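Undergrad: There's a structure below that I have some questions on.
The values are calculated or read from the model by the stated rules, or taken from the named source; none is laboratory data. Source: prediction; values computed, not measured. Don't worry about glycine lacking a Cβ; one is built from the backbone with ideal geometry, like all the others, and counts go over all protein chains shown. What goes into the accessible areas is simple: the full protein's heavy atoms, side chains included, and nothing from ligands, DNA or RNA. Shrake-Rupley method; radii C 1.70, N 1.55, O 1.52, S 1.80 Å.
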Amino acid sequence: MSIAQNIQKIEAAIAPRAKLIAVTKTKPVEMLMEAYNAGFKRYGENKVQEMVMKYEQMPKDIEWHLIGHLQTNKVKYIAPFVAMIHSIDSLKLLQEVNKQAAKYNRVIDCLLQIFIAQEETKFGLSEEETKELLASEDFKTLKNVRIVGLMGMASNTDDETQVRQEFKGLKLFFNQLKTWTVDCQLPTVDLQELSMGMSGDYLMAVEEGSTLVRVGSAIFGSR
Ligand SMILES: *Cc1c(COP(=O)(O)O)cnc(C)c1O
């Protein structure tokens with residue numbers, strides 16, 4: 001199947017519950033243009049440098065999602081154009097996003113990355129750290145970021161039961177946190193999006209409440 005057909009198939013399977021982010025890391029601009037010419041405009045990259053390079057070469061009506069670990073010193077390169085940052089894992093990073101967004105008079109949509117996997121290598125906040133961050137006085141001063149949801153990466157395992165449990169756990173926390181943030185009346189928090197699910201598990205993720213799936217190899221082939 002072609003790239004366009006793969007996208008069509010996945011979108012049909014997840015609509016209307018979730019939106020597709022096509023993960024294009026390591027793939028050439030020609031492949032992105034194939035998807036773009038078929039009308040697709042939502043792309044995810046995990047590295048700042050690669051995203052900037054593709055942003056410069058591609059049409060400007062694209063939604064760029066930063067899905068990988070983000071270093072504070074690189075925020076400035078994506079601040080002018082990034083649509084959403086999925087990988088906020090510290091107050092320090094959020095403060096830098098806020099500072100850079102302010103330079104461009106922007107409010108950048110952000111997701112807090114929550115640690116849900118069994119592995120030690122994955123980035124992310126614990127549930128406790130998430131509440132601490134949102135309750136802090138420092139957070140309340142940030143006017144150029146909006147927390148629109150949570151992101152999680154399940155364990156890299158074939159054990160479907162475990163992956164489903166991790167998705168269920170994140171959805172449960174999402175619901176609890178939503179109630180809590182509404183009670184706290186935090187004006188820059190509006191939890192709408194739950195970013196979970198990749199090529200191998202996006203259908204399961206949507207069953208468990210995902211609103212944004214990040215799919216790469218199932219569209220563009222293996223890397
Ligand atoms: C690469 C990547 C994906 C997509 O992975 P596939 O298995 O190719 O679908 C999703 N999320 C993040 C954070 C990634 O780095």
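Undergrad: Which of the following residues is modelled with pLDDT of 95 or more and open to solvent by less than 30 Å² (accessible area, probe 1.4 Å): Lys47, Lys41, Lys76, Lys27? Even if it seems obvious, please write down each step before you answer.
TA: Working: Lys47 fails: open to solvent by less than 30 Å² (accessible area, probe 1.4 Å); Lys41 fails: open to solvent by less than 30 Å² (accessible area, probe 1.4 Å); Lys76 fails: open to solvent by less than 30 Å² (accessible area, probe 1.4 Å).
Residue meeting the stated conditions: Lys27.
Undergrad: May I ask you to list the residues in segment 175-223 that are without any contact (Cβ under 8 Å) to a residue 12 or more places away in the chain, part of a helix (DSSP H, G or I) and either within 16 Å of the ligand (Cβ to nearest atom) or of a type in the set (A, V, I, L, M, F, W, C) (or both)?
TA: If the condition is that a residue be without any contact (Cβ under 8 Å) to a residue 12 or more places away in the chain, part of a helix (DSSP H, G or I) and either within 16 Å of the ligand (Cβ to nearest atom) or of a type in the set (A, V, I, L, M, F, W, C) (or both), then Val182 is the only one that fits.
Undergrad: Taking the residues in segment 53-74 that are more than 22 Å from Leu212 (Cα to Cα) and in contact (Cβ under 8 Å) with a residue 24 or more places away in the chain as candidates, determine which candidate is farthest from the ligand (Cβ to nearest atom).
TA: Of all residues in segment 53-74, those more than 22 Å from Leu212 (Cα to Cα) come to 53, 56-59, 71-74.
Among the residues that remain, those that are also in contact (Cβ under 8 Å) with a residue 24 or more places away in the chain are: 57-58, 72, 74.
Values: Gln57: 20, Met58: 19, Thr72: 18, Lys74: 16 Å.
Residue satisfying both the conditions and the ranking: Gln57.
Undergrad: Out of (1) open to solvent by less than 50 Å² (accessible area, probe 1.4 Å); (2) within 15 Å of the ligand (Cβ to nearest atom); (3) part of a loop (DSSP other than H, G, I, E, B), the odd one out for Phe81 is which?
TA: Every condition holds for Phe81 apart from (2).
Undergrad: Looking only at segment 133-151, decide whether some residue is part of a helix (DSSP H, G or I) and surrounded by 19 or more Cβ atoms within 10 Å (Cβ to Cβ).
TA: Yes.
Undergrad: It is to be established whether one or more residues within segment 157-173 are farther than 20 Å from Glu11 by Cβ, within 14 Å of the ligand (Cβ to nearest atom), at pLDDT below 95 and open to solvent by 40 Å² or more (accessible area, probe 1.4 Å).
TA: Yes - at least one qualifying residue is present in segment 157-173.
Undergrad: What are the residue pairs meeting all of these: first residue in segment 18-37, first residue more than 15 Å from the ligand (Cβ to nearest atom), second residue part of a helix (DSSP H, G or I) and of a type in the set (A, V, I, L, M, F, W, C), Cβ atoms under 6 Å, and 6 or more apart or on different chains?
TA: Correct list of pairs: Glu34/Ile3.
Undergrad: I need the full set of residues from segment 174-216 which are surrounded by fewer than 16 Cβ atoms within 10 Å (Cβ to Cβ) and either among the hydroxyl-bearing types (Ser, Thr, Tyr) or in contact with a Pro (Cβ under 8 Å, 6 or more places away or on another chain) (or both), in order please.
TA: Listed by number, the list holds a single entry, Thr179.
Undergrad: Take Tyr36 and tell me if it is touching a Pro at 6+ places or on another chain (Cβ under 8 Å) and surrounded by fewer than 22 Cβ atoms within 10 Å (Cβ to Cβ). Quick ask: steps written out before the conclusion?
TA: On the way: touching a Pro at 6+ places or on another chain (Cβ under 8 Å): yes; surrounded by fewer than 22 Cβ atoms within 10 Å (Cβ to Cβ): yes.
Yes; evaluated as a whole, the condition is true for this residue.
Undergrad: Right, next: Name the single residue that is farthest from Gly169 (Cα to Cα) among those in segment 95-121 being out of contact with any helix residue (DSSP H, G or I) (no Cβ under 7 Å at 6 or more places or on another chain) and buried (at least 18 other Cβ atoms within 10 Å of the Cβ).
TA: In this case the residue turns out to be Ala101.
Undergrad: Does segment 37-60 hold any residues that are of a type in the set (Phe, Trp, Tyr) and over 15 Å from the mean Cα position of the chain (by Cα), and which are they?
TA: Phe40, Tyr55
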